[in-house]
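I have placed the structure first, in the form of structure tokens, so that the comments after it can refer back to it.
The values are calculated or read from the model by the stated rules, or taken from the named source; none is laboratory data. Small disclaimer: the values here were computed from a predicted structure and weren't measured. Surface areas here come from the heavy atoms of the whole protein model, side chains and all, with no ligands, DNA or RNA. Shrake-Rupley method; radii C 1.70, N 1.55, O 1.52, S 1.80 Å.
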Amino acid sequence: MSASSVARHPLETAGRIGYAFKGVLYLLLGLLAVDTALDGGSTEGQRGALQTVAESSFGSILLTLLGIGLAAYAAWRLAMAVLDPEQQGTDAHGLVKRAGYLISAVSYGTLAYAAYRILQGGSASGGSGGAEEGAQQALALPGGRFVLAAVALAVLGYGGYEFIRAHKASFMDNLSLTGEAAKRRDAIRTIGRAGLVARGVVYGIIGLALGVAAYRYDPEAARGLDGALSTLRDQPYGAVLLAIVGLGLAAYGLYCGVNARYRRFEGDQ
């Protein structure tokens, strides 16, 4: 085994563990959304899902494992941004990709910290309240309206990117499917597409809400994940829309599980 292979091994381990627990989180989010669509009640974002885990049987143990898994995913994304094992480079395209990895690292690191806070008896905080607080802080900056508008465009762009990935099924290029797994290629492609479309819808709603907040100079118009799901629920046939997107988020959780097992990491043959 080469020195580079040894150096890659911890990153690959962190990535696979991270994908597994990210999948658990999204599967839970999707199921909670479907349950809300069927029975009513409030929608839950990622932090709400963590709180739900904490209140379940063996909640402390499960939440500890979930927090560790999310921290592992954050560490892997940070390594992707800083160490550049995929050799994205420093041209415009590469820097955008690496910036995305860094944002992902911060996002999932924050979720891991939220899990820690819950275990310590604190509040997970976040959700739409977190989005409103972030929008308020952005608007308080010099040129804050333009800063928030830029964030809104970035979020909308990411939502559009998820739709493009779903259409092209480009995510399949990152998977090493051989043997029995190769026979499930079509099912995996369908699950991945459904998950990415659901994410595209959610990020699209969040981006539009941030744009409205910037236009109106009103941070209360901002929405997080739970607010985006609430927006869906409040539309005509909202329960149906929420259930469909919830199933899509659950499918994304399954897709993350596929990545945990079959993702092709740098250096894989």
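With θ taken as phi - 60° and the Karplus curve 6.51 cos²θ - 1.76 cosθ + 1.60 applied, the whole-hertz 3J(HN,Hα) list for the range 99-110 is 5, x, 4, 5, 4, 4, 4, 5, 4, 7, x, 5 Hz, x standing for glycine and proline.
Within the range 1-160, what whole-number % of the accessible surface is contributed by carbon and sulfur, with the 1.4 Å probe and all protein chains included in the calculation? Result for the range 1-160: 65 percent of the exposed heavy-atom area is carbon or sulfur. Using the Karplus relation 6.51 cos²θ - 1.76 cosθ + 1.60 with θ = phi - 60°, the per-residue 3J(HN,Hα) values for the range 153-162 come to 5, 5, 5, 4, x, 5, x, x, 4, 5 Hz, with x marking Gly and Pro.
Between Tyr215, Tyr255, Tyr101, the GNM of the chain built on Cα springs shorter than 10 angstrom shows Tyr215 fluctuating the most. By the rule of a C-alpha distance below 18 Å, with chain neighbours fewer than 8 residues away ignored, the aspartates and glutamates paired with Lys168 are Asp186. Among Gly121, Gly207, Gly18, whose mean-square fluctuation peaks in a Gaussian network model of the chain (Cα, cutoff 10 Å)? Taking springs between Cα atoms under 10 Å, the residue moving most is Gly121. A 1.4 Å probe, protein heavy atoms only, puts the accessible area of Asp218 near 50 Å². For the chain, the per residue solvent-accessible surface stands at 51 Å², with DNA, RNA and ligands left out and a 1.4 Å probe.
Close amide H contacts of Gly224 (hydrogens built in the peptide plane, cut-off under 5 Å, sequence separation of 5 or more or a different chain): Ser128, Ala131. Accessible-area rank, largest first, for Ser57, Ser230, Ser107: Ser57, Ser107, Ser230, with all protein chains present and a 1.4 angstrom probe.
Determine ³J(HN,Hα), in whole Hz, for all residues of the range 217-234 in sequence, where each value follows from phi through the Karplus function 6.51 cos²θ - 1.76 cosθ + 1.60 and θ = phi - 60°; x replaces Gly and Pro. Couplings: 6, 9, x, 5, 7, 5, 9, x, 5, 5, x, 5, 5, 5, 4, 4, 4, 7 Hz.
Between the entries (1) 29, 23, 20; (2) 34, 19, 18; (3) 38, 18, 16, the label attached to semi-axes √(5λ) of the Cα gyration tensor in Å calculated for this structure is (1).
Note on the chain: with a GNM built from Cα contacts shorter than 10 Å, the maximum mean-square fluctuation among Glu180, Glu12, Glu86 falls on Glu180.
Largest first, the residues Phe265, Phe58 sort by 1.4 Å accessible area into Phe58, Phe265.
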